[in-house]
Amino acid sequence: MRKLLLYIIILTTGLIFLARVFYLQVIDTSLALRSQDNAIEINYDYPQRGYIHDRNGELMVSNQPSYDVMVIPRNLKPFDTLEFSEILNITPEELGKKLDKAKIYSPLLPSVVIPQLTKSEYAFLQEKMRKYEGFYIQKRSLRDYQVDHSANVLGYIAQVNKQIIKDNPYYISGDLIGRSGVEIVYEDLLRGVKGVKYIQKDRFNRDIGPYKDGIFDTLPEKGKDINITIDSKLQEYGEKLMQNKRGGIVALEPATGEILALVTAPSYDPAILVGRKRSPNYTRLYYDSIARPLYDRGLLAEYPPGSPFKTLTGLIALQEGVVGIDDKFHCNNGYSYGRGSRMGCHAHSSPLNLIPGVAQSCNAYFAQVYRKTIEKFPTPQEGMDVWSKHLESFGLGQFMGNDLSTGRRGKIPNAEYYNSIYPNHNWYSTATISNAIGQGEVLMTPIQLANMTATIANRGWYYTPHILKEIEGDPIKEERFTEKNHTTIEPRHFEPVIEGMHDVYRNGTASTLRIPDIEIAGKTGTAENFIKIDGERVQLTDHSIFVAFAPVDNPQIAIAVFVENGYWGSRYAGRIASLMVEKYIKGEITRTDMETWILENSLEDEYAKPLSGEPFIINR
């Protein structure tokens, strides 16, 4: 029986081996194709990249033809390197380095020698290429920007590097790939699919026609056209208002979570990162460590949110039942607490309840309701964790799951954080009281501020912000962008806070910023601004912050504006937010006085003060 079992095993193994050999030799011809690599040339036919339109169908990005000089090292024949270098407008040494690099990459596969020739360069060189065997010209598509704005939104494409080629076999040397913005996030949609042709060669390296009559050849598939949620005209206007300023603007449609504008300042014309000048232009932008035009402040900059955060302080206090909307608190130009500590405040009527507390942005009111919230619980640790959980339900202190190419969490401190600062865990609500007014340890990005505002406008829910609207005319259906996120605050608590924000425009800190025929709810903010100069912590001119949504009863836009060193909330950020709201809702500007003021005033002198030594404007 054992001998029989051994024979069966040997026979079975032999049959499996023969079947595999038959499959590889007769049925699967892919290995035959590979075995003939030395006699077959692979040519790629690159597709057009998908177009990018804005939410209204305006074309923002199309394509233009580009031509690369390619080389297949194995096919090279002796040639006049000096003459060819002159034609390519490079030195013989540069040409030699490029050819050596191509051989290292692969003797059999094509590599780029000179990328992105202009049409005139291509026309001149095409006639001479027959003299240089092994070289050829590959046609590709480069981006052709129809707008001179939205660089941070759209992103750019560039050649793949070794790591990308290693990680993704689709790409080969010289291929282009999205490297930031929409281009990188939706690369798989936009790039299309390369076509491939296999050309058989004889022993003299002459073409003898398609391999296997072209059964392995494929046609290129154009990339998919997409519509993004950005309103191109609103985005352009926002970048115009932010000239000579630094900061970010984020505008959302509350009912959908669609991003209407995503402005970072300073920015640049996306067209400068196209063509052969892309590399030096990118280097110049990258090494500008002062203005940082490649740094998307709308998504990456983490700032103290300032007074707009008071709306959340009030909402949490209402939800926790530690204060009613009619409960009043005194303000004597500030609030004293602890051992001689004091939080200052500007002059206004006193005492105040919630609605005028929001409208007048009273520090003392919100400091006291914050203390009541934390001190409701047996320990400050318990109170702090309840407070932070409420804030997390607004998408704060975390990545929100959007489809943007970059971002930051911001910071919402909890009990664990403060326990790490105070080793004996001996801390109280007064140690964290700056959180009440959006200072302290709280940090938020402009997109988080905008989403917070949209959530208030919706009375307690939001859709995850997103940038993609349609693919080939079909609306997106991803669940993460079509499912509501609900906060831990009951809807009924939002009405008094919204009324207070409405009063900000009617009789509060933004009463001079009203827009005719549009009812706006908003909140001014001023945040302290510190920097280290020569190792010493120095206070700079305050940041200007503003959030708003409109119309109050049927919100179409929610917006957050952050202007670095902008003095106070209504000075720069408030004006910009009001103008953006009017531009989106009306399509035109009637408050030309505000527009003229913003366009004519620059903050460049403020940004130069750390170098010039001029004094900063503090607590204005």
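The values are calculated or read from the model by the stated rules, or taken from the named source; none is laboratory data. Predicted, not measured: the structure shown is a model, and the values here were computed from it. In this analysis, Cβ positions are derived from the backbone assuming ideal geometry, glycine residues included, and neighbour counts consider all displayed protein chains. Only protein heavy atoms, including side chains, enter the accessible area calculation; ligands, DNA and RNA are left aside. Shrake-Rupley method; radii C 1.70, N 1.55, O 1.52, S 1.80 Å.
Under the simplified labelling scheme, the residue 74-residue 427 pair shows an inter-label distance of 6.5 nm, with each label point 7 Å from Cα along Cα→Cβ. Here is how the number arises for the chain: DSSP H runs of 4 or more residues each give -39500 (n - 2.57), the sum is divided by the residue count, and the result at 222 nm is -9500 deg cm²/dmol. Measuring nothing but protein heavy atoms, the accessible surface of the stretch 112-263 at 1.4 Å probe radius is 48 percent carbon and sulfur.
Relative protection proxy for 244-257, 368-381, from highest mean packing down: 244-257, 368-381 (other beta-carbon atoms within 10 angstrom). For the chain, the relative contact order is 13 percent, taking Cα pairs closer than 8 Å that sit 6 or more residues apart in sequence and dividing their mean separation by the residue count. With 26 Å as the limit on Cα-Cα distance, the pairs of 98/139; 139/197; 197/222; 97/201 that go past it are 97/201.
For the chain, the longest principal axis of the C-alpha atoms and the axis of helix 573-586 are separated by about 70°. Most tightly packed first, judged by the mean number of other beta-carbon atoms within 10 Å of their residues, the peptides 229-241, 354-366, 278-290 read 354-366, 229-241, 278-290. Of the chymotrypsin sites (Phe, Trp or Tyr not before Pro) found in the stretch 146-219, those in coil by DSSP whose Cβ has at most 12 other Cβ atoms within 10 Å are 204. Between residue 162 and residue 470, what FRET efficiency follows from the Cβ-Cβ distance if R0 is 41 Å, with the result rounded to 0.05? So the FRET efficiency works out to roughly 0.70.
Under the combined filter of DSSP loop state and at most 13 neighbouring Cβ atoms within 10 Å, the stretch 117-173 retains these GluC sites (Glu not before Pro): 127. Averaged over its residues, the stretch 466-620 has an accessible area of 46 Å² per residue, based on protein heavy atoms and a 1.4 Å probe.
Charge tally around residue 578: other residues with Cβ under 9 Å, Lys/Arg +1 each, Asp/Glu -1 each, net +2. In the chain, a dipole from Cβ-located charges (positive for Lys and Arg, negative for Asp and Glu) runs towards its positive end, and of 280, 552, 146 it is 280 whose Cα lies farthest in that direction. Using a Debye calculation, one point per C-alpha and no hydration shell, please list log10 I(q)/I(0) for the chain at q = 0.10 Å⁻¹ in order. Summing over Cα pairs of the chain leads to -0.91.
Ranked by the mean number of other Cβ atoms within 10 Å per residue, highest first, peptides 302-314, 259-271 order as 302-314, 259-271. Relative to the dominant Cα principal axis of the chain, helix 310-319 is inclined by about 70°.
Protein heavy-atom accessible surface, 1.4 Å probe, per residue over the stretch 146-197: 41 Å².
Across the stretch 472-620, how large is the tail of the calculated P(r) beyond 25 Å, expressed as a percent of all Cα pairs? Here the tail beyond 25 Å accounts for 44 percent of pairs. Basic side chains Lys and Arg get +1 at the Cβ, acidic Asp and Glu get -1 at the Cβ, and with that the dipole of the chain about its Cα centre reaches some 1680 debye. Loop-located GluC sites (Glu not before Pro) in the stretch 533-588 (DSSP state not H, G, I, E or B) with no more than 15 neighbouring Cβ atoms inside 10 Å: 588. Taking Cα atoms only, the orientation of helix 232-241 departs from the longest principal axis of the chain by about 60 degrees.
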